[in-house]
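Everything below concerns the one structure shown next.
Derivation of every value follows stated rules applied to the coordinates shown; laboratory data play no part. Since the structure is predicted, the reported quantities are computational estimates derived from the model, not experimental observations. Cβ placement follows ideal geometry from the backbone for every residue including glycine, while neighbour counts extend to all protein chains displayed.
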Amino acid sequence: MNASPKSHPLPQDPAAPNPLLEAWTGPFGIPPFDRIMPDHYGPAFERAFAEHKAEIAAIAANPEPADFENTIAALERAGRNLRRVSLVFFNLTSAHTNDAIEAVEREISPLFARHDAEIHLNDALFARVDAIYARRDALKLDAEQKRVLERHHIAFRRAGAGLAPEVKSRLAEIGERLATLGTQFSQNVLADEKAFTLVLDAGEDLAGLPDWLIAEAAETARERGFPGKYVITLSRSSVEPFLAMSSRRDLREKAWRGWVSRGEGGGATDNRALAVEMLRLRDERARLLGYESFAHFRLADTMAKTPEAAQDLLGKVWAPARARALREEAALQEVIAQEGANFTLAPWDWRYYAERRRKAEFDLDESEIKPYMQLDRMIEAVLYTAEQLFGLTFSERFDLPLYHPDARAWNVIGPEGKPVALFIGDYYARPSKHGGAWMSEYREQEKLDGEVLPIIVNVLNFVKPAAGEACLLSFDDARTLFHEFGHALHGLLSDVTYPLLSGTSVARDFVEFPSQLYEHWLEQKEIVRRFALHYHSGEPIPEALLERLLAARQFNQGFATVEYTAAALVDLALHRQKPSEDLDIVAVEKDMLDALGMPKGIVMRHRTPHFAHVFSGDSYAAGYYSYLWSEVLDADGFEAFVETGNIFDAEVARKLRENVYAAGNRKEPDAAYLGFRGRAPSAEPLLKKRGLAGEII
């Protein structure tokens, strides 16, 4: 049995001001970050939950016959205080947390699950929604009203509305427990990341490392309390360059083992039992709702529709990717032999020898590229691309109280000169921030009762340079920057009436399309020539280096595709089975990979005990395949620009904005893509993009 979450006491002085409950009257209505303290959240949530419950009760008990305005529009208006408090809180639990916030998160997360169940399992409320849905074709609803009605009805059905009372009660229990487990899983991963530091001394410990990585490691050591030393962390922007460049094989192994063993340490932060319980609860919930497995339940409301469709796409990519990866593995083993060593390539060796091979084949290494990949210039490139495509202009603001000194903010102005949004960028890793990169919002766009402009944030984890020094990115880092800003544009350009349809609130296997599409502009010569400027001299990247960089785009693609696709296949398989109580997820992961013929030198991009995409919540559960599904769309979609001969073609950009970036969830994803492209997508550009077309299997 789950203990009932404790309620937060009100402040000793009930009249004490709480900035979360006040009108936010600062510039752009930004949350008053400088005044919000952890002990404000409990009382704010308590009041916001109560307000929303009262609003829901009034809608359900309305004596008037159910219609769109008094039920669906009323649901869209309800809970605005809860939304704004929760957006601030849950953004900070990821981007700038601490022990006090994590304690609140552990208590609040199950309350949210319980609250959602109380709404979607409310018989009287569902009866009203169902009655409107049953006569939807007879009502004079516009397309967006029909869509929001449909999405509400689907949400109720998928939550268990209309089922027997005992089933609904169990579904509510499952949702609450899953929320608790997901929060703990995420906090455990962060704790393991914070606990790991690879402390290096001068001299041999730094063998092979370039000056820029040594400088970054020295600054990290200073911040972590190791002055005079050098520290590598588990931030991807720290550990991956170290694995690619350190000539100390023993230290590479230490870093790699720390990275891949997060959530598997056997102590208080071990996630294996949590993951098994989550798999069992998800399976039970799906079966209570009438589905064969959680994967079938999860994918029923996506573009793929079925696990079989997702599996088919993954299978089509796996075979050629594995064939290429095995050839890459053999080539790396040959490099080892040529250098006079006799060990077998291990996972902590792959990046190091791949970097050496890239240098030999393309006369290209990371140290040659990074001086031209300054973070500030790449941010300019990201914003310039949006200006050219959509007529947006960005002006940085320095007068806003943000949640951390490293965060930055920009006004976003549309082509007509009117404000569109506020954009926040938070780029540097720190112990208070979860690993990875993501987009979120502090306020979502809507115009139900007047225009509400969005506040969108990108959070990344680049290694912070010493004061006065430039932050230098790898090309993959720059791609991540473009990717997350593609998500940001989906929120910034949103133009819908109803909050439920706003921004990125779309099918999971469609949400990555706008972000992955945006990555393509980074690889265009016009962008690279303009913004890849040497951080000391300001000189543009030499044309010969640019040509070598672009020529090497498909280098190591077997590795990249296999490490991703393996994770997607394992995720899907775990959620298609009926898990036993004594399931060993690490053993199952190994067995699955052995059956796939996983190359020995590669591990999954996210191993199961720290697979936060899948286990810190349901967002990507049984849905990690969605990156590849969306990549079919993005590879085909960028061809629309290529075909015109203009990467900023105004008409193609207009269709893209209207049907994708501005449309939110106004349309089914297939219809949205058709409106943009004029036809269904082809998978051939995907294989071509990854260099897998014609791969001999």
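So what are the chain's ellipsoid semi-axes, whole angstrom, largest first, if each one is the square root of 5 times an eigenvalue of the alpha-carbon gyration tensor? Can you show the working numbers first?
Values: eigenvalues 321, 163, 154 Å².
After scaling each eigenvalue by five and taking roots: 40, 29, 28 Å.
In whole Hz, what ³J(HN,Hα) sequence does region 190-200 give by Karplus (6.51, -1.76, 1.60; θ = phi - 60°), x for Gly and Pro?
Values, residue by residue: 4, 4, 5, 5, 5, 6, 8, 9, 9, 8, 10 Hz.
Quick check for me: using +1 on Lys/Arg Cβ and -1 on Asp/Glu Cβ, what's the dipole size of region 541-697 about its Cα centre, in debye to the nearest 20?
Working: 18 positive and 23 negative charges, 52 e Å.
Approximately 240 debye in magnitude.
If each residue's Cβ is checked for other Cβ atoms within 10 Å, how do Phe112, Phe343, Phe513 rank with the fewest at the top?
Numbers: Phe112 17, Phe343 10, Phe513 30.
Placing the least packed residue first, the sequence is Phe343, Phe112, Phe513.
For all pairs of alpha-carbon atoms in region 554-649, what percent lies in each bin of width 10 Å, listed from the first bin to the last filled one?
Answer for region 554-649: a P(r) of 14, 39, 26, 13, 6, 1 percent.
What ranking do Leu546, Leu489 get, fewest neighbouring Cβ atoms within 10 angstrom at the top? Don't skip to the end; give the middle numbers.
Details: Leu546 17, Leu489 31.
Going from least to most buried by this count: Leu546, Leu489.
Across region 416-424, in residue order, what do the Karplus-derived ³J(HN,Hα) couplings come to in whole Hz, using 6.51 cos²θ - 1.76 cosθ + 1.60 with θ = phi - 60° and x for Gly and Pro?
Running phi through 6.51 cos²θ - 1.76 cosθ + 1.60 with θ = phi - 60° gives 8, x, 9, x, 10, 5, 10, 10, 10 Hz.
What residue among Ala409, Thr180, Pro17 has its Cα farthest toward the positive end of the dipole of the chain, where the charges are +1 on Lys, Arg and -1 on Asp, Glu, each on the Cβ?
Thr180
Once phi is turned into θ = phi - 60°, what whole-Hz ³J(HN,Hα) does the Karplus curve with 6.51, -1.76 and 1.60 give for every residue of region 484-493, x standing for Gly and Pro?
Values, residue by residue: 5, 6, x, 4, 4, 4, 4, x, 5, 8 Hz.
Return the percentage of antiparallel bridges among DSSP beta bridges fully within the chain, rounded to the nearest 5 %.
Details: 22 of 29 bridges.
Roughly 75 percent of the DSSP beta bridges within the chain come out antiparallel.
Using a basic spin-label model with each label point 7 Å from the Cα along Cα→Cβ, how many nm lie between Asp582 and Lys305?
4.1 nm
If amide H atoms are built 1.01 Å from N in the plane of the peptide, which residues on other chains or at least 5 residues away come under 5 Å of the amide H of Arg397?
Ala409, Trp410, Asn411
Could you list the residues of region 502-523 with an amide nitrogen less than 18 Å from a label point located 7 Å from the Cα of Lys418 in the Cα-to-C-beta direction?
Only 503 pass the distance filter.
To test your reading of the geometry: what angle, between 0 and 90 degrees and rounded to tens, separates the Cα axis of helix 143-159 from the longest principal axis of the chain?
90 degrees
Can you give me the long-range amide H partners of Tyr442? Hydrogens built in the peptide plane at 1.01 Å from N, cutoff under 5 Å, separation of 5 or more residues or another chain.
Ile455, Ile456, Val457
Grab the DSSP H runs of the chain that are 4 residues or longer, score each as -39,500 (n - 2.57), total them, divide by all residues and round the 222 nm result to the nearest 500 deg cm²/dmol. Intermediate results must be reported in sequence, preceding the final value.
Working: 27 runs with 374 residues, N = 697.
The helix-only estimate for the chain comes to -17500 deg cm²/dmol at 222 nm.
Taking the Cβ of Ala381 as the center, what net charge do the other residues with Cβ under 14 Å away carry, scoring Lys and Arg +1 and Asp and Glu -1?
Taking every Cβ under 14 Å from that of Ala381, the sum is -3.
About its Cα centre, what dipole magnitude does the chain give when the only charges are +1 on Lys and Arg Cβ and -1 on Asp and Glu Cβ, stated in debye to the nearest 20? Before the final figure, lay out the partial values.
Working: 82 positive and 105 negative charges, 155 e Å.
The calculation lands at about 740 debye.
Kindly put Thr197, Thr306, Thr25 in sequence by how many other C-beta atoms sit within 10 Å of each C-beta, fewest to most.
On the way: Thr197 17, Thr306 14, Thr25 8.
Lowest to highest Cβ neighbour count: Thr25, Thr306, Thr197.
Once the principal axes of the Cα atoms of region 189-309 are found, what is the range along each, listed largest first in whole angstroms?
Extents along the principal axes, in whole Å: 62, 32, 24.
Summing Lys, Arg as +1 and Asp, Glu as -1, what charge do residues with Cβ under 14 Å from the Cβ of Thr233 carry, Thr233 excluded? Mind showing how you got there, number by number?
Numbers: positive: Lys194, Arg222, Arg224, Lys229, Arg236, Lys254, Arg262, Arg430, Lys433, Lys464; negative: Asp192, Glu193, Glu216, Glu219, Glu223, Glu240.
Result for the local shell: +4.
By the scheme Lys and Arg +1, Asp and Glu -1, what is the net charge of all other residues having a beta-carbon under 12 Å from that of Gln333? Write down the numbers at each step before the final one.
Values: positive: Arg327, Arg357, Lys600; negative: Glu328, Glu329, Glu334, Glu339, Asp349.
Around Gln333, the surrounding residues sum to -2.
Taking amide H positions as placed in the peptide plane 1.01 Å from N, state which residues far from Phe462 in sequence (5 or more) or on other chains have amide H under 5 Å from it.
Those lying under 5 Å, H to H, from Phe462 are Tyr428, Ala429.
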